[in-house]
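The values are calculated or read from the model by the stated rules, or taken from the named source; none is laboratory data. Only a predicted model underlies this, so the values are computations on that prediction, with no experimental measurement involved. Positions of Cβ are generated from backbone atoms using ideal geometry, with glycine treated the same way; all protein chains shown enter the neighbour counts. Ligands, DNA and RNA are excluded from the accessible area calculation, which covers all protein heavy atoms including side chains. Shrake-Rupley method; radii C 1.70, N 1.55, O 1.52, S 1.80 Å.
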Amino acid sequence: MAKIELVGFDQYTTKISALIRDSTKMCKAVVYPGAAVLAEKIRAETAALPTISDAEARANYRSGQVNDALSESQKAGLVASLGISGIKKDRSGMVQTSVGFTGYNSVKTRHFPNGQPNPEVARSLEKGTSYLRRNRFVERAVKAAREEAIAAMAAEADAYIERKMQENGG
């Protein structure tokens, strides 16, 4: 009868068990590089947005004319407020984060005496409104970043697994 002898199998299962125990930690470490790539693409698209002066934007709004671009203050608010939220594990076990705009810009209006909300300005530009022509800058950035973000996350996953295998007697 044939006999199979496995050498080092216990050591291998110990390494795999350590990876499984650290899977949430690994996923959190892997998500960030992908989010960073996406944030940089969105930042580049935001920086490339056309602008008009604040006075021109106000005059166009008052006359009912549709603006083709953000005001300089609105764009500055978007550029300054772009960020990555904390990486979290949700109820279903998915590890995820968000890249987006937060806070308020310096454009004070009757409805927004403390400044316009940057997420609302970005959404208005992305979708278009009666006073601002649509510019799909976030959608362009996401399409441009997809492959690069996946590659960055895969590289980080490979590096993390390699480190863990070395730590556990590799």
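Values computed for the structure shown
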| read-out | value |
| --- | --- |
| Tally of residues being within 28 Å of the chain's Cα centre (by Cα) and open to solvent by 60 Å² or more (accessible area, probe 1.4 Å) across segment 6-31 | 4 |
| Residue count for segment 43-61, restricted to those that are in contact with a strand residue (DSSP E or B) (Cβ under 6 Å, 6 or more places away or on another chain) and open to solvent by 80 Å² or more (accessible area, probe 1.4 Å) | 1 |
| Qualifying residues in segment 116-133 (those that are polar (S, T, N, Q) and part of a loop (DSSP other than H, G, I, E, B)) - the one surrounded by the most Cβ atoms within 10 Å (Cβ to Cβ) | Gln116 |
| Scan of segment 144-170 for residues that are touching a helix residue (DSSP H, G or I) at 6+ places or on another chain (Cβ under 9 Å) and not aliphatic (A, V, I, L, M), ordered by number | Arg146, Glu148, Glu156, Tyr160, Lys164, Glu167, Asn168, Gly169, Gly170 |
| Answer residue from segment 1-41, given it is in contact with a strand residue (DSSP E or B) (Cβ under 6 Å, 6 or more places away or on another chain) and of a type in the set (A, V, I, L, M, F, W, C) and is modelled with the lowest pLDDT among those | Cys27 |
| Identity of the residue in segment 134-144, without any contact (Cβ under 8 Å) to a residue 24 or more places away in the chain and assigned to a helix (DSSP H, G or I), that ends up nearest to Ser71 (Cα to Cα) | Glu139 |
| Yes/no for Gly93 being within 14 Å of the chain's Cα centre (by Cα) and modelled with pLDDT under 95 | no |
| Lone qualifier among Gly64, Gly34, Gly86 - being at positive phi, of a type in the set (Gly, Ala, Ser) and either exposed (fewer than 15 other Cβ atoms within 10 Å of the Cβ) or in contact (Cβ under 8 Å) with a residue 60 or more places away in the chain (or both) | Gly64 |
